1. Mind telling me which of the residues Asp38, Asp48 ends up being within 25 Å of the chain's Cα centre (by Cα) and either assigned by TED's automatic domain parsing to the domain that holds Ser140 or charged (D, E, K, R) (or both)?
2. Taking the condition at pLDDT below 60 and either farther than 26 Å from His59 by Cβ or of a type in the set (A, V, I, L, M) (or both), does Val176 pass?
3. Looking only at the stretch 84-102, which residues are closer than 27 Å to Asp143 by Cα and either part of a loop (DSSP other than H, G, I, E, B) or among the aromatic types (Phe, Trp, Tyr) (or both)?
4. Collect the residues in the stretch 105-119 that are within 30 Å of Ser72 (Cβ to Cβ) and in contact with a Leu (Cβ under 7 Å, 6 or more places away or on another chain), keeping them in residue-number order.
Amino acid sequence: MSEITLKAQKREQNQELTLNQLRKKGIIPGIYYGHGVDNINIAANELDLRPIIYTTESHIINLKFGEDSTLSCILKDVQFHPVSDKPLHFDLIALKEGETINIEVSVHLVGNSIGVREGGVLQHNLHKLDIECLPSNIPSHIDVDIAGMNIGDSFKISDLKLDNVTILNDSNASIVAIVAASVEKEVATDGTEAPAEPEVISKAKKDDSVD
């Protein structure tokens with residue numbers, strides 16, 4: 001996994017400013033926390049955060065306060081504004097050597113499916129997986145090779161082979177599937193069957209007619 005340095009400041013340095021005032025200055029509040037460490041309220045420039053929050057890759061973050069020693073951590077969560085989609089707050093969780101951690105990792109599909117080339121439709125059901133592992137074993141992402149998948153094939157979590165990593169999701173869950181185009185049209189966007197078309201009566205039945 002690649003590493004990235006994030007320069008930040010302890011939020012006590014901006015005690016005179018409210019959180020909204022910080023955000024208006026392009027500074028995003030956050031928190032650093034973890035098992036056996038003291039919580040630290042922090043703040044970082046939004047521009048410095050972009051390589052960390054706008055990516056599908058996982059990074060080990062070297063959190064640096066001025067000339068102090070760096071703290072090793074990962075991004076745990078980001079809260080975004082519901083309208084502007086700007087970051088409002090971020091959480092960093094401490095990494096400790098020899099202690100496992102739970103983290104969400106992105107799934108990357110690799111290859112051009114045979115089934116898609118033959119007119120099938122790709123259904124990417126799980127874009128991220130929850131895993132548990134040591135900090136040194138955190139993958140930047142998880143690759144799923146779909147090149148050999150035909151129409152009707154699916155790739156489940158149980159099909160993944162990862163060393164030194166425990167996947168916490170349901171092993172029977174499908175990560176990706178190739179379905180026939182006709183099947184795709186019959187399925188609603190939420191995965192349930194689309195409702196049947198209402199019957200349209202073009203004219204009154206003979207028995208229902210009145211004099």
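The values are calculated or read from the model by the stated rules, or taken from the named source; none is laboratory data. Fair warning: this is a prediction, and the values are worked out from it, not measured in the lab. Methodologically, a virtual Cβ is constructed for each residue, glycine included, from the backbone with ideal geometry; neighbour enumeration extends over all protein chains shown.
1. The conditions single out Asp48.
2. The answer is no for Val176.
3. Residues satisfying the conditions are Phe90, Leu95, Lys96, Glu97, Gly98, Glu99, Thr100.
4. Val105, Val107
Let's see how each residue does on (1) farther than 30 Å from Asn41 by Cβ; (2) under 16 Å from the mean Cα position of the chain (by Cα); (3) not in a strand (DSSP E or B):
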site	(1), (2), (3)
Ser72	no, no, no
Pro82	no, no, yes
Glu104	no, yes, no
Gly115	yes, no, yes
Gly119	yes, no, yes
Leu129	yes, yes, no
Glu132	no, yes, no
Gly152	yes, no, yes
Ser158	yes, no, yes
